[in-house]
Amino acid sequence: MVVALIFDVDGTLAETEEAHRVSFNAAFADAGLDWAWSQSDYQNLLRITGGKERMLHYIESCGAALPPGERDNAIHALHRRKTRLYAARVAAGDVPLRPGIETLLRTARDYGFKLAIATTTSRSNVDALLATNLGQDAVDWFSAIVCGDMVARKKPAPDVYEEALRILRLRPDETIAIEDSWNGVQAARSAGIAVVATPSLYSADDDVSDAAAVVTDSLCFHAILGLARKLRGERAGAGLVHPDARNAGEALKEAGS
């Protein structure tokens, strides 16, 4: 029985990646660096999860000039500056939620689903996005918020999802993950969780064929319900649950119970 939805953030809750890219470039300029990531550059760099890891990869693979001072400290300082710049863009209303997301979150709550977040981004980025778009209390909608700096390995490793399951005290088959990218789909699937993939601007070309369902337009509760019913039917066929729903309304209540 599916009782919880676990959401990625960047590219899933909102089209954040362009705001991240612009903020990275502004941080580089503030530091006197001549680095400038184009949209094409950034799409390739997104294969590396984590902003600090992305900068390190850029330095090592592209022969970029090193920031002044010790490298790791310089990267951390750049990332802190970038995070502040990004938060300012979010607070200014420049990063709205993707179509359907607010309705999906509110409807899922109304039907009793637990909500959780499993993301590579920082907690401050999550809090800023939720507060600006949904209100200061929106962080309390989520029974678990697991960020990349809380685990040993970032996506596509399953660590954030495994930690979310631990906090929720749920089995993988009691949850559905919502992701936009190959890295995210692999992370959730490696944790044993079925995935609804909703490709974003920067992940449109990603291979998300391991997802149980793919939604290319506005993400809605019916897409989640459809997957929950499909999974329940598969488990019923295997003798794992009793398929007692008689119509979509009953199925909706069962999926949210």
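A search for C-beta distances below 6 Å between a residue of segment 188-209 that is in a loop (DSSP other than H, G, I, E, B) and any residue that is among the acidic types (Asp, Glu), counting only pairs 6+ apart in sequence or on different chains, returns Ala191/Glu162; Thr198/Asp180; Pro199/Asp180; Ser200/Glu15; Ser200/Asp180; Leu201/Glu15; Tyr202/Glu17; Ser203/Asp180. For segment 71-121, the set of residues classified as under 15 Å from the mean Cα position of the chain (by Cα) and polar (S, T, N, Q) consists of Thr119, Thr120, Thr121, listed by residue number.
Pairing each residue of segment 1-27 that is touching a residue at least 40 places away in the same chain (Cβ under 8 Å) and of a type in the set (Phe, Trp, Tyr) with any residue that is assigned to a loop (DSSP other than H, G, I, E, B) and surrounded by 22 or more Cβ atoms within 10 Å (Cβ to Cβ), provided the two are 6+ apart or on different chains, yields C-beta distances under 9 Å for Phe7/Leu13; Phe7/Thr119. If the condition is being without any contact (Cβ under 8 Å) to a residue 60 or more places away in the chain and aliphatic (A, V, I, L, M), then segment 145-164 contributes Ile145, Val146, Met150, Val151, Ala152, Ala157, Val160. Only one entry of Ala19, Ala14 meets the criterion of being within 30 Å of Arg109 (Cα to Cα), among the aliphatic types (A, V, I, L, M) and in contact with a strand residue (DSSP E or B) (Cβ under 6 Å, 6 or more places away or on another chain), and that entry is Ala14.
Being at pLDDT 95 or above and surrounded by 22 or more Cβ atoms within 10 Å (Cβ to Cβ) is the requirement here; does Glu179 meet it? Outline the logic, then answer.
Details: at pLDDT 95 or above: yes; surrounded by 22 or more Cβ atoms within 10 Å (Cβ to Cβ): yes.
Criteria met by Glu179.
Could you run through segment 187-199 and say how many residues are farther than 21 Å from Arg229 by Cβ and either in contact with a strand residue (DSSP E or B) (Cβ under 6 Å, 6 or more places away or on another chain) or surrounded by fewer than 20 Cβ atoms within 10 Å (Cβ to Cβ) (or both)? Walk me through it before giving the result.
Initially, segment 187-199 is screened for residues farther than 21 Å from Arg229 by Cβ, giving 187, 190-191, 199.
Within this subset, residues satisfying the condition of being either in contact with a strand residue (DSSP E or B) (Cβ under 6 Å, 6 or more places away or on another chain) or surrounded by fewer than 20 Cβ atoms within 10 Å (Cβ to Cβ) (or both) are 190.
Going through segment 187-199 one residue at a time, the tally reaches 1.
When the criteria are applied in full, Phe221 fails the requirement of being closer than 22 Å to Leu129 by Cα, of a type in the set (Phe, Trp, Tyr) and touching a strand residue (DSSP E or B) at 6+ places or on another chain (Cβ under 6 Å).
Tell me, yes or no, whether segment 70-77 has at least one residue that is outside any helix (DSSP H, G or I), surrounded by 19 or more Cβ atoms within 10 Å (Cβ to Cβ) and not aliphatic (A, V, I, L, M). Within segment 70-77 (the criterion being outside any helix (DSSP H, G or I), surrounded by 19 or more Cβ atoms within 10 Å (Cβ to Cβ) and not aliphatic (A, V, I, L, M)), the answer is no, since none of the residues qualifies. Taken over segment 93-133, the residue count meeting the criterion of being over 21 Å from Trp182 (Cα atoms), among the basic types (Lys, Arg) and either in contact (Cβ under 8 Å) with a residue 12 or more places away in the chain or crowded, with 16+ Cβ neighbours inside 10 Å (or both) is 3.
The values are calculated or read from the model by the stated rules, or taken from the named source; none is laboratory data. Just so we're clear, the structure is a prediction, and the values are computed from it rather than from any experiment. In this analysis, Cβ positions are derived from the backbone assuming ideal geometry, glycine residues included, and neighbour counts consider all displayed protein chains.
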